[in-house]
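The block underneath contains the structure these notes are about, expressed in structure tokens.
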Amino acid sequence: MTPTEREESQGETKMVKILFIADIIGEPGRKTVNKILNELKKKENIEFTIANAENAAGGFGLTKNVAEEIINSGVEVLTLGNHVWDRKEIKDIIDDQRILRPANYPPFTPGKGYNFYFSNQKTEISVVNLMGRVYMPDLDCPFRCMDTLIPEIKKETNLIIVDFHAEITSEKQALGWYLDGKVSAVIGTHTHVQTADERILPEGTAYITDCGMTGPRDSVIGIKKEIILKKYLTQIPLRFEVAAKDLIFSAVIIDLDEKSGKATNIKRLQIPAGDM
Ligand SMILES: [Fe+2]
Ligand SMILES: [Fe+2]
């Protein structure tokens, strides 16, 4: 069904379909996106695509070439997380309007934590990148950060997608409840393990604790399992390398009401993509 047909079939209500792709891991993750995305967008009538890219450059951070590669595959916005500063090259692209770092870094940190975009059907959408504080860098409070941002964003649009990049399930659930009815979706990232708790909260916010990862599943959260096992067994620091086999594309698709910004559906995806 085209967006216009959907609009007609639902009277006044126009729905917007947004795809959020979980942490893209290195070259295997980028190749997975390239393999899957085009066809998926057509099949699901996706109007706007966001991806977490904090691990997209060799597993750690983001560079200009890597960002361009993902954007050219059909992604509109790249969010980041605790690996944002891993590559010195990030300074060349941190002011790119399509790239977001967590909004709760202190004032005067380079880059932007949220921004406004248009879907391919000209619907205005705001994307916010936010980071948790438990077992993570000691940033400003993500809850109070959203208290400040939401009134600003709502002057422009009711459609607000939050990538909450955090380690522990309880902090993520707490933010989901805190933002229920205030934003369209709270999508967890960072653990690289997809959770099966996707739902629409009572006031209309789509929620998932973690969206998972897009990259090699024959690994420990994206890194070669042999290296991680050796590290656990010896406690000697080792250089991590991205694994390559058993690729998986992990994402969620969210349906939003264009006027209210409330979510009506969230669908979890895990699409196998073979090997590199
Ligand atoms: Fe990650
Ligand atoms: Fe992370």
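Only the coordinates and a few stated rules stand behind these numbers; no lab work does. In this text the structure is predicted, and so the values were computed from the model without any measurement. For neighbour counting, all protein chains shown are included, and Cβ atoms are generated from backbone atoms with ideal geometry for every residue, glycine included.
Residue by residue through the stretch 81-131, note down the ones that are buried (at least 23 other Cβ atoms within 10 Å of the Cβ), touching a Lys or Arg at 6+ places or on another chain (Cβ under 7 Å) and of a type in the set (A, V, I, L, M).
Across the stretch 81-131, the qualifying residues are VAL84, LEU100.
Among the numbered conditions (1) farther than 22 Å from ASN82 by Cβ; (2) surrounded by 15 or more Cβ atoms within 10 Å (Cβ to Cβ), tell me where ALA196 comes up short.
Only one criterion in (1) farther than 22 Å from ASN82 by Cβ; (2) surrounded by 15 or more Cβ atoms within 10 Å (Cβ to Cβ) is unmet by ALA196, namely (2).
If you go through the stretch 267-276 one residue at a time, how many are more than 12 Å from PRO28 (Cα to Cα) and surrounded by 20 or more Cβ atoms within 10 Å (Cβ to Cβ)?
Of the residues in that region, 1 qualify.
Only residues in the stretch 31-59 that are without any contact (Cβ under 8 Å) to a residue 12 or more places away in the chain and closer than 18 Å to GLY188 by Cβ count as the first member; pair them with residues that are assigned to a strand (DSSP E or B) and of a type in the set (A, V, I, L, M), Cβ under 8 angstrom, at least 6 apart or cross-chain, and list the lot.
none
Among the residues of the stretch 117-126, is any within 22 Å of ASP255 (Cβ to Cβ), without any contact (Cβ under 8 Å) to a residue 40 or more places away in the chain and among the acidic types (Asp, Glu)?
yes
For ASP210, only one of the following conditions fails: (1) within 16 Å of ligand 1 (Cβ to nearest atom); (2) in contact with a Lys or Arg (Cβ under 9 Å, 6 or more places away or on another chain); (3) over 21 Å from LYS262 (Cα atoms). What is its number?
Going through the list (1) within 16 Å of ligand 1 (Cβ to nearest atom); (2) in contact with a Lys or Arg (Cβ under 9 Å, 6 or more places away or on another chain); (3) over 21 Å from LYS262 (Cα atoms), ASP210 breaks only (3).
Identify the residue in the stretch 140-168 that is within 19 Å of the chain's Cα centre (by Cα), away from ligand 2 (no atom under 12 Å from the Cβ) and surrounded by fewer than 19 Cβ atoms within 10 Å (Cβ to Cβ) and, among all such residues, is farthest from LEU256 (Cα to Cα).
Selected residue: ILE168.
Working only within the stretch 69-86, note down all residues that are within 14 Å of ligand 1 (Cβ to nearest atom) and touching a Ser or Thr at 6+ places or on another chain (Cβ under 8 Å).
THR79, GLY81
Return the only residue of ASN38, ASN82 being out of contact with any helix residue (DSSP H, G or I) (no Cβ under 7 Å at 6 or more places or on another chain) and more than 30 Å from THR148 (Cβ to Cβ).
One residue alone meets the criteria, ASN38.
Being closer than 17 Å to PHE20 by Cα and of a type in the set (Lys, Arg) is true for just one of ARG217, ARG199, ARG239. Which residue is that?
ARG199
Go through the stretch 28-68 and give me each residue that's among the polar types (S, T, N, Q) and either surrounded by fewer than 23 Cβ atoms within 10 Å (Cβ to Cβ) or more than 13 Å from ligand 1 (Cβ to nearest atom) (or both).
THR32, ASN34, ASN38, ASN45, THR49, THR63, ASN65
Would you be able to tell me the number of residues in the stretch 213-242 that are within 14 Å of ligand 1 (Cβ to nearest atom) and in contact (Cβ under 8 Å) with a residue 24 or more places away in the chain?
Final tally of qualifying residues: 10.
Pick from the stretch 177-193 the residues that are under 14 Å from ASN129 (Cα atoms) and in contact with a Leu (Cβ under 8 Å, 6 or more places away or on another chain): which of them is nearest to ligand 2 (Cβ to nearest atom)?
VAL186
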